[in-house]
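A.B. asks: Okay, handing you the structure first.
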């Protein structure tokens, strides 16, 4: 991701949702979810902590295009624990998503998609799979100005190539 100057109206992405900056005051950024009916839900963070909190600007159109074009070449995320330790693996996969890195999130999705084609995902893995897919598709939908379903289809088709 390129360097980005934040201002009121800028879109920022966290591990869970897309946000819009509503105010910058006293070296603090105030932001709220872009798709939130509750206008009273406002978060804040010091400007110098944005990167520590893994808040970032959205991918650019060329970055989305590159991600989708190269998705089928990406390797699945490697787990630090053996396959019998599903709880630690689930926590590890969630931690990767919380890093808010689209390429790493895609690698989690590739890993879980591979399991999904071979067997049934556990409920925990299914939740993580849906979270990763939703997170990536929401950002791609925003950047490419396409529907959420279209973005999900593009991601899943790129993985399956």
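What follows is calculated from the coordinates using simple rules that are stated; it is not laboratory data. Remember, predicted model here, so these are calculated numbers, not experimental data. Glycine gets a Cβ as well: all are built from the backbone with ideal geometry, and neighbour counts include every protein chain shown.
A.B. asks: Treat the count of other C-beta atoms within 10 Å as a stand-in for reagent exposure and order 41, 28 from fewest to most.
C.D. replies: With the sparsest Cβ surroundings first, the list reads 41, 28.
A.B. asks: With axes computed from alpha carbons, what is the tilt in degrees of helix 102-118 against the longest principal axis of the chain, rounded to the nearest 10 within 0 to 90?
C.D. replies: So the inclination is approximately 30 degrees.
A.B. asks: Right, another one. Can you give the FRET efficiency to the nearest 0.05 for residue 56 and residue 119, using r as the Cβ-Cβ distance and R₀ = 45 Å?
C.D. replies: 0.85
A.B. asks: Additional query: Could you work out how much longer the chain between residue 69 and residue 16 gets when fully extended? Use 0.36 nm per residue separation minus the Cα distance between them, nm to one decimal.
C.D. replies: Roughly 16.7 nm would be gained on extension.
A.B. asks: Any chance you could give the angle, 0 to 90 degrees and rounded to 10, that helix 86-98 forms with the longest Cα principal axis of the chain?
C.D. replies: Tilt relative to the chain: about 30 degrees.
A.B. asks: Hey, what angle do you get for helix 123-144 against the long axis of the chain, alpha-carbon based, 0 to 90 degrees rounded to 10?
C.D. replies: Helix 123-144 sits at roughly 50 degrees to that axis.
A.B. asks: Find how much the distance from residue 147 to residue 104 grows on full extension, using 0.36 nm per residue of separation minus their present alpha carbon separation; answer in nm with one decimal.
C.D. replies: Separation in residues times 0.36 nm, less the Cα-Cα distance, equals 13.2 nm.
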